[in-house]
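The values are calculated or read from the model by the stated rules, or taken from the named source; none is laboratory data. Here the structure is a predicted model, which means the values were calculated and not measured. Glycine gets a Cβ as well: all are built from the backbone with ideal geometry, and neighbour counts include every protein chain shown.
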Amino acid sequence: MYKVVPDFISDDEQTFLKDLVSQYITKSNGNLRSYADHEQHHNSVNGRNTEPIFFFSIVEELKTNTRLQDIVRRMQKAAGVPEENPNTHFNWVISVAPRGTEVMNHTDPLDAERMKTKKILRINLIVQNAKRGGTFQVSKVSNDAYIDADIPDKGLMMFEASEIWHRITANLSNTTRINLSIDEVVDR
């Protein structure tokens with residue numbers, strides 16, 4: 001259902017990625033507040049009382065940052081995805097999930113026509129876990145028994161996001177959960 005590779009990055013690479021997140025937050029502080037206000041309103045309208053998760057695209061950074069390129073290529077290689085084929089690349093982001101955030105159960109489907117022959121392979125690098133809560137869970141069936149994926153800090157997880165139901169429990173700590181996420185569209 002999923003695969004975890006512990007200690008995928010070094011302590012130095014973890015620090016590099018945390019510093020990159022700090023730079024993104026500093027650059028977009030005004031946009032974060034606006035986004036947070038919008039998401040807080042959206043969540044309260046839908047009966048959820050969660051804080052927003054922030055997503056930063058790394059596409060531009062990948063064009064020039066060789067250190068980030070190396071980490072992403074190693075992630076792709078571990079998942080068996082050829083880096084030479086740009087048609088497979090779907091979504092590359094760093095997500096930042098502070099206290100109070102959670103992700104409800106879902107799959108990430110493609111459009112109906114593409115789903116016939118393709119699926120989404122998600123490659124998650126957990127830069128930093130929440131200290132309490134913020135647990136990644138998976139299930140083969142919606143609302144069925146979920147199991148904890150137990151991904152350690154600096155660990156890599158790969159799973160079929162268009163096939164496997166997944167969610168993240170509420171972050172109950174003051175430690176922000178940071179995740180580098182790559183979605184690749186691959187053949188079934």
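For region 148-188, which positions are in a loop (DSSP other than H, G, I, E, B), under 19 Å from Met115 (Cβ atoms) and touching an Asp or Glu at 6+ places or on another chain (Cβ under 8 Å)?
If we filter region 148-188 for residues that are in a loop (DSSP other than H, G, I, E, B), which is where we start, we get 149-154, 161-164, 169-170, 172-176, 188.
From the residues that got through so far, the ones that are under 19 Å from Met115 (Cβ atoms) too are 161-164, 188.
Listed by number, the residues that qualify are Ala161, Ser162.
Any idea which of Arg48, Arg122 is modelled with pLDDT of 90 or more and either closer than 19 Å to Asp187 by Cβ or over 13 Å from the mean Cα position of the chain (by Cα) (or both)?
Values: Arg48 fails: modelled with pLDDT of 90 or more.
Checking each option against the conditions leaves just Arg122.
May I ask you to say which residue of Val185, Val141, Val103, Val127 is over 21 Å from Phe8 (Cβ atoms), touching a helix residue (DSSP H, G or I) at 6+ places or on another chain (Cβ under 9 Å) and of a type in the set (A, V, I, L, M, F, W, C)? Break it down into steps so the answer makes sense when it comes.
Working: Val141 fails: touching a helix residue (DSSP H, G or I) at 6+ places or on another chain (Cβ under 9 Å); Val103 fails: touching a helix residue (DSSP H, G or I) at 6+ places or on another chain (Cβ under 9 Å); Val127 fails: over 21 Å from Phe8 (Cβ atoms).
Every option except Val185 fails the conditions.
Please verify whether Glu113 is of a type in the set (D, E, K, R), in a loop (DSSP other than H, G, I, E, B) and either surrounded by fewer than 17 Cβ atoms within 10 Å (Cβ to Cβ) or modelled with pLDDT under 80 (or both), treating the condition exactly as stated. Even if it seems obvious, please write down each step before you answer.
Working: of a type in the set (D, E, K, R): yes; in a loop (DSSP other than H, G, I, E, B): no; either surrounded by fewer than 17 Cβ atoms within 10 Å (Cβ to Cβ) or modelled with pLDDT under 80 (or both): yes.
Judged against the criteria, Glu113 is not a match.
Between a residue in region 145-156 that is under 12 Å from Pro6 (Cα atoms) and any residue that is of a type in the set (Gly, Ala, Ser) and surrounded by 14 or more Cβ atoms within 10 Å (Cβ to Cβ), which pairs come within a Cβ distance under 7 Å, given they are 6 or more apart or on different chains?
Pairs found: Leu156/Ala78.
Out of all the residues in region 156-186, which are under 20 Å from Asp19 (Cα atoms) and either more than 12 Å from the chain's Cα centre (by Cα) or surrounded by fewer than 17 Cβ atoms within 10 Å (Cβ to Cβ) (or both)? Working first, answer last.
If we filter region 156-186 for residues that are under 20 Å from Asp19 (Cα atoms), which is where we start, we get 156, 174-182.
Residues satisfying the conditions are Asn174, Thr175, Thr176.
Which condition from (1) under 22 Å from His166 (Cα atoms); (2) aliphatic (A, V, I, L, M); (3) surrounded by fewer than 13 Cβ atoms within 10 Å (Cβ to Cβ) is the one that Val59 breaks?
Of everything listed in (1) under 22 Å from His166 (Cα atoms); (2) aliphatic (A, V, I, L, M); (3) surrounded by fewer than 13 Cβ atoms within 10 Å (Cβ to Cβ), Val59 misses just condition (1).
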